[in-house]
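To start, the structure under review is shown below, and the notes come after it.
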Amino acid sequence: VTRHRIEDGVEKGITSTQGLIAQGRGEAFDYLLGERTIDSADAATRAAAAHLLLARHPVLSVNGNVAALCPGEMVDLAEAVGADLEVNLFGRTEQRVQAIVEHLRDHGATGVKGLAADARIPNLSHERAKVDADGIYDADVVLVPLEDGDRAEALGAMNKTEIVIDLNPLSRSARVAAVPIIDNIIRAVPNVARHARELRESGADLEAIVEAFDAEATLADAEQVIRSSSAD
Ligand code: ATP
């Protein structure tokens with residue numbers, strides 16, 4: 001089903017052919033993790049929800065794979081935490097940005113950002129640096145599922161709190177994130193929304209959850225799960 005969604009995304013002009021390669025890499029890591037949400041990833045997801053709820057201006061970044069795999073879930077998460085959605089592509093073309101904006105609108109999104117592209121992330125080449133001035137550029141907390149390493153690093157250097165969803169605990173994006181979620185976006189995105197709603201309803205101490213989170217231990221745990229699974 002997942003592969004078919006990505007294929008469909010390529011046919012609709014939403015997902016790039018590079019996205020097919022990213023999907024294959026993701027599947028390999030998911031297989032090694034047992035295609036489940038490990039406990040440390042669930043804890044990271046909860047910390048991510050706390051960050052998003054505490055944020056002045058949270059933004060959820062959407063690329064071609066995210067749009068193909070979980071568009072409705074991203075719209076629901078944006079609603080749960082009061083975040084903006086912004087289309088943000090590695091291989092940006094206006095046509096593809098437009099196709100993804102429309103796809104998100106078909107799934108209930110309003111006011112999707114990414115078309116203005118009137119600000120730049122410092123220290124990146126022109127096309128890859130484009131963001132909206134009132135979107136990612138202004139955000140204090142950004143969720144970037146499947147981000148490429150260079151951009152994740154450049155965003156982190158802008159003093160933003162970066163939440164990365166990536167199945168590879170060794171990828172640069174996961175390693176530079178304040179909160180790395182080592183899980184499939186298909187499971188992680190609805191899980192962040194569920195945690196956010198639960199945290200809000202229970203009146204939990206969000207600052208304490210953020211403080212207690214340990215990114216390095218999270219990466220080490222995922223790596224350990226992968227290594228022990230491949231040794232079985
Ligand atoms: P980096 O540049 O961060 O060091 P990379 O070059 O491997 O790593 P990309 O090719 O830009 O990164 O992105 C692909 C990443 O997305 C891979 O790490 C892959 O594991 C991950 N990925 C692919 N599909 C999913 C998915 N459904 N859920 C979570 N992560 C995924």
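Over its Cα atoms, what ratio of radius of gyration to 2.2 N^0.38 Å does the chain give?
0.94
Once you charge only the Cβ atoms, +1 for Lys and Arg and -1 for Asp and Glu, what is the size of the charge dipole of the chain about its Cα centre, to the nearest 20 debye?
Computed charge dipole of the chain: roughly 440 debye.
Computed FRET efficiency, Cβ-Cβ of Asp205 and His107, R0 41 Å: what is it to the nearest 0.05?
Efficiency, rounded to the nearest 0.05: 0.80.
If the chain between Glu79 and Ala28 were fully stretched, how many nm would it gain, using 0.36 nm times the residue separation less the Cα-Cα distance?
My answer for the length gained is 15.2 nm.
Farthest toward the dipole's positive end in the chain, which of Gln18, Ala196, Ala28, given Cβ charges of +1 (Lys, Arg) and -1 (Asp, Glu) about the Cα centre?
Gln18
What distance in nm lies between label points placed 7 Å from Cα along the C-beta direction at Thr17 and Gln95?
Taking the simple label geometry, Thr17 and Gln95 are separated by 1.4 nm.
Any chance you could run the full-extension gain for Asp138 through Glu223? It's 0.36 nm times the residue separation minus the Cα-Cα distance, nm to one decimal.
27.3 nm
Determine the distance separating the Cα centre of the range 152-185 from the Cα centre of the range 70-148; give it in Å without decimals.
16 Å
Taking the Cβ of Val59 as the centre, find all other residues whose Cβ is under 10 Å away and add up their charges (Lys, Arg: +1; Asp, Glu: -1).
The answer is -4.
Would you tally the net charge around Ala119, using a Cβ to Cβ cut-off of less than 10 Å, leaving Ala119 out, and scoring K and R as +1, D and E as -1?
So the environment of Ala119 carries a net charge of -2.
Just so you know, all these numbers are worked out from the coordinates, no wet-lab data involved. Everything quoted here is computed from the prediction, not taken from an experiment. FYI the Cβ positions are ideal-geometry reconstructions off the backbone, even for glycines, and counts take in every protein chain you see.
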